[in-house]
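Let me begin by presenting the structure, written as structure tokens, before commenting on it.
The values are calculated or read from the model by the stated rules, or taken from the named source; none is laboratory data. Keep in mind the model is a prediction, meaning the values are calculated, not measured. Here Cβ is always computed from backbone atoms with ideal geometry, including for glycine, and neighbour counts include all displayed protein chains. Remember, those area values only see protein heavy atoms, side chains included, never the ligands or the DNA or RNA. Shrake-Rupley method; radii C 1.70, N 1.55, O 1.52, S 1.80 Å.
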Amino acid sequence: MDFTFTDDQLAFREAISRFLMTEAAPEMLREIWETDVGRSPDLRNKIAAQGLTALSVPEALGGLGMDDVAWALMTQELGYYAIPDSLADTAYVAAGLLSALGDGHPARERLLPRIADGSLRLAIGHPVNLLVSDAQLAEVLILLDGDQVHAVSRAEVDVEANPSIDASRRLGRVSWTPSAATCLASGEEGRALGAQLLDRGALSVAGQLLGLAQRMLDLSVDYVAQRKQFGKPIGSFQAVKHHLADVARQIEMAKPVLYRAAHGLAHGEAAASLWVSQARLACCEASWLAARKGIQVHGAMGYTWEVDLQMFMKRAWSLDASWGDRGFHKSRVAEYLFGDQARLGPGHTFEE
């Protein structure tokens with residue numbers, strides 16, 4: 001079995017990274033975040049023109065038809081460049097849910113082409129998230145009510161804005177009334193779609209956290225190479241090297257865990273939720289370590305608005321409880337580890 005990424009996946013990631021390096025530089029993002037809406041339609045349209053919003057939309061509906069494995073790479077780039085998480089919610093999480101609806105489903109046929117061309121912004125509410133990202137700005141909201149999944153227009157919900165430590169996030173508390181007209185699926189189908197929604201949301205956050213960790217590490221490495229003390233760059237001191245080496249190790253350990261979870265989701269494996277929670281915990285740990293060590297090597301100035309580190313640090317903190325906090329994901333892992341049917345050891349990592 002070959003678990004390496006395809007040339008198409010790697011080339012697409014490289015193209016997106018080069019594009020975001022130019023179009024989503026920190027100084028540009030600061031200007032966008034300081035506006036009332038905190039979003040740039042122009043940047044969104046440019047991202048759509050690169051094909052990112054069409055990545056997992058079926059080819060028959062104008063997309064590229066790629067799966068969760070490709071998104072395990074893309075969400076890292078979204079995290080690395082601090083792109084608001086609602087883009088992943090729309091192009092990955094919501095697109096995955098809509099694609100799972102039966103062929104010919106009205107909502108599937110109506111919404112997926114607009115996700116692909118970038119003209120639709122979706123927000124997603126789930127019981128594990130008390131607040132909904134971009135609820136005020138979305139045209140359509142995907143919301144759950146028991147075993148029912150609903151697609152609700154913005155005009156049918158009330159949104160109470162809620163501030164965030166992360167200047168890029170626009171959070172809201174949503175109030176709404178379910179109706180038969182907005183219901184996409186219910187019963188067993190609704191429960192299955194809700195479970196997939198949670199797993200893809202958590203995997204999306206895991207990828208972003210890993211990208212954030214890498215960006216904070218890169219910023220810290222650049223800083224210690226320039227900052228001098230006693231006539232030498234502080235990066236030459238052994239203690240500083242050890243701090244950053246710990247972060248690099250944690251990031252590299254988290255990558256295969258993330259990719260394992262993406263593979264499980266893409267192939268509909270029974271234990272996919274377990275792999276997702278494991279990835280969420282590993283990537284969260286990497287981001288928290290990168291933030292803590294980054295502050296240590298930057299000193300007190302790491303907290304200040306003028307230093308780029310704080311942008312990515314605050315994003316990592318704010319995403320920590322999104323799509324399930326650590327306690328939630330630790331419980332899912334523990335339920336498996338202490339269950340009677342646990343299949344542990346290298347021989348059970350992948351099924352024959």
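Quick notes on this one:
- From the options R114, R110, R154, residue that is of a type in the set (K, R) and touching a strand residue (DSSP E or B) at 6+ places or on another chain (Cβ under 8 Å): R154
- Applying the criterion of at least 3 residues that are among the basic types (K, R), out of contact with any His (no Cβ under 9 Å at 6 or more places or on another chain) and in contact (Cβ under 8 Å) with a residue 24 or more places away in the chain to the helices (runs of 4 or more DSSP H) found wholly in the stretch 251-352 leaves 326-337.
This table checks each residue for (1) part of a loop (DSSP other than H, G, I, E, B); (2) touching a Gly at 6+ places or on another chain (Cβ under 9 Å); (3) modelled with pLDDT under 90; (4) aromatic (F, W, Y).
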| site | (1), (2), (3), (4) |
| --- | --- |
| T4 | yes, no, yes, no |
| L20 | no, no, no, no |
| E27 | no, no, no, no |
| L43 | no, no, no, no |
| I47 | no, yes, no, no |
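- Residue list for the stretch 136-183, restricted to those being of a type in the set (A, V, I, L, M, F, W, C), in a loop (DSSP other than H, G, I, E, B) and either touching a helix residue (DSSP H, G or I) at 6+ places or on another chain (Cβ under 7 Å) or at pLDDT 95 or above (or both): A138, I165, A167
- Residue in the stretch 252-270 that is of a type in the set (D, E) and modelled with pLDDT of 90 or more present: yes
- R315 fulfils the conditions (1) of a type in the set (K, R); (2) more than 16 Å from the chain's Cα centre (by Cα); (3) closer than 20 Å to A254 by Cβ except for a single criterion, (2).
- Considering residues of the stretch 152-166 that are of a type outside the set (D, E, K, R) and buried (at least 20 other Cβ atoms within 10 Å of the Cβ) only, the residue farthest from R108 (Cα to Cα): V159
- So D134, is it touching a strand residue (DSSP E or B) at 6+ places or on another chain (Cβ under 9 Å), on the phi > 0 side of the Ramachandran plot and either in contact (Cβ under 8 Å) with a residue 40 or more places away in the chain or open to solvent by less than 20 Å² (accessible area, probe 1.4 Å) (or both): yes
- Of all residues in the stretch 238-251 being at pLDDT 90 or above and closer than 14 Å to A291 by Cβ, the one that is surrounded by the most Cβ atoms within 10 Å (Cβ to Cβ): V247
- Conditions (1) outside any loop (DSSP other than H, G, I, E, B); (2) in contact with a Phe, Trp or Tyr (Cβ under 9 Å, 6 or more places away or on another chain); (3) open to solvent by 20 Å² or more (accessible area, probe 1.4 Å); (4) not β-branched (V, I, T); number of the one not met by R114: (2)
- Test result for R173, of a type in the set (K, R) and either surrounded by 15 or more Cβ atoms within 10 Å (Cβ to Cβ) or closer than 17 Å to L193 by Cβ (or both): no
- Meets criteria (in contact (Cβ under 8 Å) with a residue 60 or more places away in the chain and buried (at least 16 other Cβ atoms within 10 Å of the Cβ)) for L184: yes
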